[in-house]
1. Which condition number in (1) more than 28 Å from Gly97 (Cβ to Cβ); (2) aliphatic (A, V, I, L, M); (3) surrounded by 11 or more Cβ atoms within 10 Å (Cβ to Cβ) is the one that Ala22 fails?
2. If the Cβ limit is 6 Å and pairs must be 6+ apart or interchain, which residue in the range 45-64 that is over 26 Å from His34 (Cβ atoms) and free of Cβ contacts under 8 Å to residues at least 24 places away in the same chain pairs with which residue that is polar (S, T, N, Q) and surrounded by 10 or more Cβ atoms within 10 Å (Cβ to Cβ)?
3. What residue, among those in the range 1-14 that are hydrophobic (A, V, I, L, M, F, W, C) and either within 10 Å of Thr39 (Cβ to Cβ) or not assigned by TED's automatic domain parsing to the domain that holds Ala36 (or both), is surrounded by the most Cβ atoms within 10 Å (Cβ to Cβ)?
4. Is it the case that Gly13 is assigned to a helix (DSSP H, G or I) and either at pLDDT below 95 or more than 20 Å from Lys75 (Cβ to Cβ) (or both)?
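The values are calculated or read from the model by the stated rules, or taken from the named source; none is laboratory data. Remember, predicted model here, so these are calculated numbers, not experimental data. Glycine also receives a Cβ, built like all others from the backbone with ideal geometry; neighbour counts cover every protein chain displayed.
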Amino acid sequence: MGAAQGAISQAFGVLPVLLNDAATGPVIREAQRHLAQWTLEPIAKLISEEASAKLGGVVQIDVVRPLQAYDAGGKARAFSAMIKALAEAQAAGIDPGPVLHMFDTHH
């Protein structure tokens, strides 16, 4: 890929690896996640706010959740680790509230 193509891609939040024919697996998933979270999600939020205001009801656009299907195994391992850590924190008398707040997607 040429330097100009890479620069243009990055200007629009697309990591150049997504245009690399040799890229596979985890690097593609991370690049897709990056695009969804840092570029598309803020745009989707603006669109959903505007649509909600104009249509008179709550409009939600989710560009991140569909990507999670690609990493179901990793998500399951992470969830298992979180449950174990929360149980250990509870046994040690540590309040899990602040940690659980980090995972709250409704704020």
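1. (3)
2. Going by the 6 Å Cβ cut-off, the qualifying pairs are Val58/Ser52.
3. Of everything passing the filter in the range 1-14, Val14 is surrounded by the most Cβ atoms within 10 Å (Cβ to Cβ).
4. On the way: assigned to a helix (DSSP H, G or I): no; either at pLDDT below 95 or more than 20 Å from Lys75 (Cβ to Cβ) (or both): yes.
In short, no.
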